[in-house]
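Notes to accompany the following structure.
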Amino acid sequence: MATVLPLSDKPVLIIMLALALQACGPSDCIDINKSDYYSAKTKAWAIHTTIGDRELADDLGIRQTLILSARDSVSYDESVWDDCGNAYGSFFYSFQYNTSLSSLHFMIDIQGGEYPYESCGEGDNCGFFIRFHITNIRTSDIKNTTYDIVTQKCRDSRATAEYHEQYTVGDTVYEGVLEITFKETFAANDVKTLYYAKGHGLVKFVNGDGVSFWVD
Amino acid sequence: MLCRFIKRGIRYLCLHKTSIDKQTAGMKKQHFFIFITAAYLLASCCDSKETATYFLSDQEKDFIPYVQYDSVEFVHSAGSEFKMAVTNVFTQTAQSYTEHRCDDYVTYEYKTAELASFSPELYFGITIVPREYSNIMGVDINSSYFPLHFDTSPRFDTVRIAGDLYFDVYFLERESGEQNAIKPVTVFYNKHFGIIQINLSNGDSFTIKR
């Protein structure tokens, strides 16, 4: 026997149906202009292929080698689609450094894709970002932070970021340098601040003792 | 203990062999597999033996002159001075490496000294073993390995390093490593001072300050 809804329940049912139908509408379209803008801005941070191992000097007058031990890049033409008929790609660069005397290992990941609908969280791989990962091979201490290129801030509370239009390191003036300062250091030889230049990569870092190491 | 367990298992299988016989003819295959398994398990039981024990002589122990909690001053060729802290000095025994589980082995005593500095970041690790066991003492500097061969005499009866005179000095060369990076490449060592000087591939050096 068919069940007949009481007259008083019908408005509720209509409202629920309306809400459900509304949710089935087309999703937000990818903002192609913003995606293009921030993709170009992010790609500018990748290290040029002409950059290799560099010599490091420090405040103590000791020299060592900053070894660019690995570089990798991947890009996809279409990795996300929307309901408006758009598709957008994504890209990823990864660079690794070792120091020939100090026991430091740096890993820098640069990633971008479509302009995100919502803000990206600390561990998210969305949006446009540069992730810095530092390991002290001797002590096994690890620290990392993610710089968001859209908000121009670190996504986590472990570090602060400052952008310099120009910054001088040794005798070289670099255009576009990111200064990342970590709030905590674990030891005197732990990295407190690092400087990353567009196209050139890591150009300077300062340890917990205040000793500076720079590309010379 | 494992061998005793395996032997008990085999004894159980043999005792119950009669009941297995009473089953179908296909059970004869089981005998074969039981035999093969038992033979394999028995073969894996073995007793490796210690065939010798080597101890360090006092003379060999004295070849590493560092004392725990001491510090040693060094100076870089650019002028900066710093201290290497002697963080660890200990003597222990170890078993020799064996390729197979049942191989015999020897036990040997070894002495290790570790020194460290945060700024600049330097780590020394020196290990000596009895010469009856091996003629090589290992010197490790920031993961670069320098073997000291006792079967060769010290390179220098006397040598002047940074203005100071040293006797019976060994000259150590790095075994392998990246060719292009700035790294330690040679070391001067003697039993009175330990590491006297470390030379880097770019011509810089770290020298003890007497």
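We did not get these values from a lab; they are worked out from the coordinates using the rules stated. Predicted model, so just to flag it, every value in this text is computed and none were measured. A quick note on method: Cβ atoms are made from the backbone with ideal geometry, for glycine too, and the neighbour counts reach across all protein chains shown.
Counting Lys +1, Arg +1, Asp -1, Glu -1, what net charge surrounds A:Tyr38 among other residues with beta carbon under 12 Å of its beta carbon?
-1
Relative contact order of region B:67-210: 17 percent, from C-alpha pairs under 8 Å at least 6 residues apart in sequence.
Once you have the Cα-Cα distance between A:His133 and A:Ser69, take 0.36 nm times their residue separation minus that, and quote the gain in nm to one decimal.
Details: separation 64, 0.36 × 64 = 23.04 nm, distance 1.45 nm.
Using 0.36 nm per residue and subtracting the Cα-Cα distance, I get 21.6 nm.
Sorting A:Tyr76, B:Tyr66 from the fewest to the most surrounding beta carbons within 10 angstrom yields A:Tyr76, B:Tyr66. Between the Cα long axis of helix A:32-43 and the first principal axis of chain A there is an angle of about 20°, rounded to the nearest 10.
Against chain A, whose longest principal axis comes from its Cα atoms, helix A:10-23 is set at around 40 degrees.
Taking square-rooted eigenvalues a ≥ b ≥ c of the alpha carbon gyration tensor, is region A:103-216 rounded, prolate or oblate, where a/c under 1.5 means rounded and, failing that, a/b exceeding b/c means prolate?
The shape class here is oblate.
Need one value for A:61-70: mean number of C-beta atoms belonging to other chains within 10 Å of its residues' C-beta atoms.
On the way: counts 7, 13, 7, 9, 7, 2, 4, 0, 2, 0.
Taking all residues of A:61-70 together, the mean is 5.
With a cut-off of 12 Å between beta carbons, the residues surrounding A:Thr139 carry a summed charge of -1, where Lys and Arg count +1 and Asp and Glu -1. With q set to 0.08, 0.11 Å⁻¹, the log10 of I(q)/I(0) for the protein assembly as shown, from the Debye formula over equal scatterers at the Cα positions, is -0.72, -0.93.
Every helix of 4 or more DSSP H residues in chain A counts as -39500 (n - 2.57), and over all residues that averages to -4000 deg cm²/dmol at 222 nm. When you restrict to C-alpha pairs under 8 Å that are six or more residues apart and normalise by the size of region A:90-167, the relative contact order lands at 22 percent. When each of B:Thr112, B:Thr152, B:Thr91 is scored by the number of other beta-carbon atoms lying within 10 Å, the sequence from fewest to most is B:Thr152, B:Thr91, B:Thr112.
For B:Ile182, the residues whose amide H sits under 5 Å from its own are A:Thr65, ignoring neighbours fewer than 5 places away on the same chain, with H placed 1.01 Å from N. Using the Cβ of B:Gln59 as centre and a radius below 14 Å, the other residues enclosed give a net charge of -2, where K and R count +1 and D and E count -1.
Place a +1 charge on the Cβ of each Lys and Arg in region B:95-192 and a -1 charge on the Cβ of each Asp and Glu, then give the dipole magnitude about the Cα centre in debye, rounded to the nearest 20. If you can, show how the numbers build up before the last one.
On the way: 8 positive and 15 negative charges, 58 e Å.
Computed charge dipole of region B:95-192: roughly 280 debye.
Relative contact order of chain A, taken over Cα pairs closer than 8 Å and 6 or more residues apart, is 16 percent.
Which order do B:His100, A:His133 fall in if you start with the one that has the fewest other Cβ atoms within 10 Å?
Listing B:His100, A:His133 from fewest to most nearby Cβ atoms yields B:His100, A:His133.
Peptide B:113-123 is shielded by partner chain Cβ atoms: per residue, an average of 5 of them sit within 10 Å of its Cβ. A Förster radius of 22 Å combined with the Cβ-Cβ distance from B:Phe167 to B:Ser134 puts the calculated FRET efficiency at roughly 0.35. Gain on full extension, evaluated as 0.36 nm per residue between A:Thr160 and A:Tyr37 minus their Cα-Cα distance, stands at 41.9 nm.
Distance cut-off 31 Å, Cα to Cα: go down the list B:Lys61/B:Lys183; A:Lys153/B:Lys183; A:Lys204/B:Lys191; B:Lys49/B:Lys183; A:Lys192/B:Lys61 and report the pairs above it.
A:Lys153/B:Lys183; A:Lys204/B:Lys191; B:Lys49/B:Lys183; A:Lys192/B:Lys61
Across peptide A:102-109, the average count of Cβ atoms from other chains found within 10 Å of a residue's Cβ is 1. Placing dummy labels 7 Å off each Cα toward the beta-carbon, the span from B:Gln68 to A:Asp141 is 2.4 nm. Overall, the anisotropy analysis places region B:126-195 in the oblate class: the square-rooted eigenvalues a ≥ b ≥ c of its C-alpha gyration tensor yield a/c not less than 1.5, with a/b not exceeding b/c.
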